[in-house]
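Inspection log for the structure reproduced underneath, given as structure tokens.
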Amino acid sequence: APSPPDGGWGWVVVFGAFISIGFAYAFPKGVAIFFKEIQDFFGTSYSEIAWVSSIMLATTYGAGPISSILVNRYGSRPVVIFGGLLCGIGMVSAAFCTSILQLYICVGFITGFGLALNLQPSVIIIGKYFLKRRPIANGLAMAGSPVMLCTLAPLNQFLFDNFGWRGSFLILGAILLNCCVAGALFRPIGTATVSVKTQVTEEGKDGLKEEVTKDAMEMNNPGNVPLDTKTEEEGGKDCCEKINQYLDFSLFKHRGFLIYLIGNVLMFLGFFAPIVFLAPYAKHIGIDEYSAAFLLSILAIVDMIARPTTGIIANSKWVRPRIQYFFSFSIAFNGACHLLCPLASGYTGLVVYSVFFGLAFGMVCAMLFETLMDLVGAARFTSAVGLVTIAECCTILLGPPIGGTLIDTFGDYKYMFIKCGAVMVLAGTFLFIMNYYNYRMLAKEEKERKAKEEDPKSVRTENEGRNNWNKETIQDKPELEPLREEREGLKKEANGT
């Protein structure tokens, strides 16, 4: 694979990923502005309306392996363009829904699958364009989520006041088509190299080109390829082997990957529910609609600043060697904010909570994929993203509905915030302890490897002595010649019979 250029067209790719990742993360949260009105329109409960965002988020994460397979097969550009078309189709179809079940299908599954085809390819292609500046590039691309959320929250309220929720869904479907434009910016990294090589061969190597073309025609001729070889190759690859070409299941033997997977699955049980119910909670305690939507804008503005700043800090020489600890602290800090949220009284308290929540949320999101790439490497990152997202989709699906059930049962939002905070503090503590164990084991393994490399003399001298003795006994001793002649004679007799 070509080496990452760490700049150049890569910054244009970061801008495209900024748009794609922004819509993928911010859109399920921005749609929460319409939940109170859709709930009154269809006469549903909090838990039932919360399934719209849950299904969308779970589909976005659960379709990760499909997205990874498509990226490995076709590249990031066509996958993102197709995902943008699906997002537009899903939201336009949702404008004509007549039941909450139809909203689950159009907004949850169709739009969620389109967002999945935007998220994974955008994260993967940044890893191909950047190496040294990868944390900064990831932080800038992840900043698309708060920018889009800051824009969508007041925009959705404005659209609802003027066009209703059906007209708003039509306009949002058209806005989501901008993901197709973002996907067009994802130029494959090997294109320039291939074009240069083609130009050189056309100018100075005509004879070689003809010879290669002739050999290629002979290879493509079906008559020259034995049928037995084809059938053996096709029969030798079963279904599991073909799937393993696109998804590396050996990652489940990777210690760091398993620690990351367990911690993130637990974290997502309380990650999205607070942001989904923040605006409905503000409306519930008597705050007007625009002020409630402005809370999401405050959260997004702080998040917007926190993500690039976190990327710069994570790229420093003090933090990057131990970036897993920084990620664990961010998750625990996020949970602590939710635990303290019930103490906030009135609009001023919710503004303070939104500021700290935006800071903690941005820190987690900026390092979410960087820490995974730090553990498994860029070569296995595509498979790792797909496997992680399919495992996380279950807790993402259950998080907001469980929060809605707690609200319906107790008639108070504070139990939902306490549940989310406790789960995230537990996840952060687990990751901190297990990452400490993982770093200790890696240091021990590295020390043992260096010890073997520094003291290879005894093994080398033993192997050299054994090889020299074998050569002397086989080649130099004349008394072995009669035995060799007798052995050759027996072979000839056996072949004759």
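The values are calculated or read from the model by the stated rules, or taken from the named source; none is laboratory data. Because the structure is predicted, anything quoted here is derived from the model rather than measured. With ideal geometry, Cβ positions are generated from the backbone for all residues, glycine too; neighbour counts draw on all protein chains shown. The protein model used for the area step is the full one, side chains on, heavy atoms only, and it has no ligands, DNA or RNA in it. Shrake-Rupley method; radii C 1.70, N 1.55, O 1.52, S 1.80 Å.
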*Identify the residue in the range 1-31 that is crowded, with 24+ Cβ neighbours inside 10 Å and over 19 Å from the mean Cα position of the chain (by Cα) and, among all such residues, is modelled with the highest pLDDT.*
Val31
*asked:* Need the failing condition index for Val355 against (1) at pLDDT 90 or above; (2) within 29 Å of Leu442 (Cβ to Cβ), just the number.
replied: (2)
*asked:* Out of Gly349, Gly377, I need the residue that is open to solvent by 10 Å² or more (accessible area, probe 1.4 Å) and at positive phi. Which one?
replied: Gly377
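Which one of these is touching a residue at least 24 places away in the same chain (Cβ under 8 Å) and more than 17 Å from Ala332 (Cβ to Cβ): Met304, Met267?
Exactly one of Met304, Met267 is touching a residue at least 24 places away in the same chain (Cβ under 8 Å) and more than 17 Å from Ala332 (Cβ to Cβ), namely Met304.
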*Can you name the residue in the range 35-62 that is open to solvent by less than 10 Å² (accessible area, probe 1.4 Å) and farther than 17 Å from Leu101 by Cβ and, of all such residues, is modelled with the lowest pLDDT?*
Tyr61
*What do you reckon, is Leu170 touching a Cys at 6+ places or on another chain (Cβ under 6 Å) and under 21 Å from Ala32 (Cα atoms)?*
no
*Specify which of the listed residues (Cys180, Cys150) is modelled with pLDDT of 85 or more and open to solvent by 10 Å² or more (accessible area, probe 1.4 Å).*
Cys180
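In the range 111-137, which residues are closer than 15 Å to Ser54 by Cβ and either outside the structural domain of Phe41 (by the TED database) or open to solvent by 50 Å² or more (accessible area, probe 1.4 Å) (or both)? Spell out the reasoning first.
Initial filter on the range 111-137 (closer than 15 Å to Ser54 by Cβ): 111-113, 115-116.
The answer is Phe113, and nothing else.
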_Qualifying position, being over 21 Å from Val80 (Cα atoms), assigned to a helix (DSSP H, G or I) and not small (Gly, Ala, Ser), among Phe96, Phe109, Phe160_ = Phe160
*Determine if the range 68-75 includes at least one residue that is open to solvent by 10 Å² or more (accessible area, probe 1.4 Å), closer than 28 Å to Leu295 by Cα, in a helix (DSSP H, G or I) and among the hydroxyl-bearing types (Ser, Thr, Tyr).*
no
